[in-house]
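The values are calculated or read from the model by the stated rules, or taken from the named source; none is laboratory data. Bear in mind that the values here come from a model prediction, so they are computed numbers and not experimental data. Because the Cβ atoms are built from the backbone with ideal geometry, glycine has one as well, and the counts that use them run over all protein chains shown.
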């Protein structure tokens, strides 16, 4: 089946079997191996990516379901050689206490949260990450990293001079949040796993 998608800001026209999953398209067809496959059942969150700004388990979504959509993977968070603030905070707080297998999914779930709620409470962070399993930590360092990233992003926005009423620009690497279409709604309600 031939269709187009935008992945990390780059347009792709692909011809793939109708049964190919999004994770397989990303990893095997596009070489974006940052998205990990853990359980293949939507239980672990390792394969989380953003589809139009919403977190989805790419192991549960057929590639054709995301035609004409915007996909953001962990590779798309960094811009112009600079890590996204979430990545920076994960390096500061989490890198020394976990193996890293779940990190891409955690980062993408946290990014989806911060796109929809720029000032999340600890409870909101924990809820957003509830579908992402980590066997290395007690999640405290991860929650702290997300909270600090939100604070840094909020401080950066408040330090900017106000513009002339135009819509604010999204942070680098951010996808736009649109409502999921009917074909994707069952697999992606904004809650990973």
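Answer with yes or no whether residue 188 is in contact with a strand residue (DSSP E or B) (Cβ under 6 Å, 6 or more places away or on another chain), at pLDDT below 95, crowded, with 23+ Cβ neighbours inside 10 Å and over 19 Å from residue 36 (Cα atoms). Give the derivation first.
On the way: in contact with a strand residue (DSSP E or B) (Cβ under 6 Å, 6 or more places away or on another chain): yes; at pLDDT below 95: yes; crowded, with 23+ Cβ neighbours inside 10 Å: yes; over 19 Å from residue 36 (Cα atoms): no.
In short, no.
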Elements of type strands (runs of 3 or more DSSP E) contained in region 1-112, each with 1 or more residues being without any contact (Cβ under 8 Å) to a residue 40 or more places away in the chain: 2-7, 10-15
Selected residue (criterion: modelled with the highest pLDDT) from residues of region 137-163 that are within 23 Å of residue 106 (Cα to Cα), more than 19 Å from the chain's Cα centre (by Cα) and in a loop (DSSP other than H, G, I, E, B): 137
Failed item in (1) more than 19 Å from residue 156 (Cβ to Cβ); (2) modelled with pLDDT under 95; (3) surrounded by fewer than 19 Cβ atoms within 10 Å (Cβ to Cβ), with residue 75 passing the rest: (2)
Residue selected from region 38-68 under the condition on the phi > 0 side of the Ramachandran plot and in contact with a helix residue (DSSP H, G or I) (Cβ under 6 Å, 6 or more places away or on another chain), by the criterion surrounded by the fewest Cβ atoms within 10 Å (Cβ to Cβ): 53
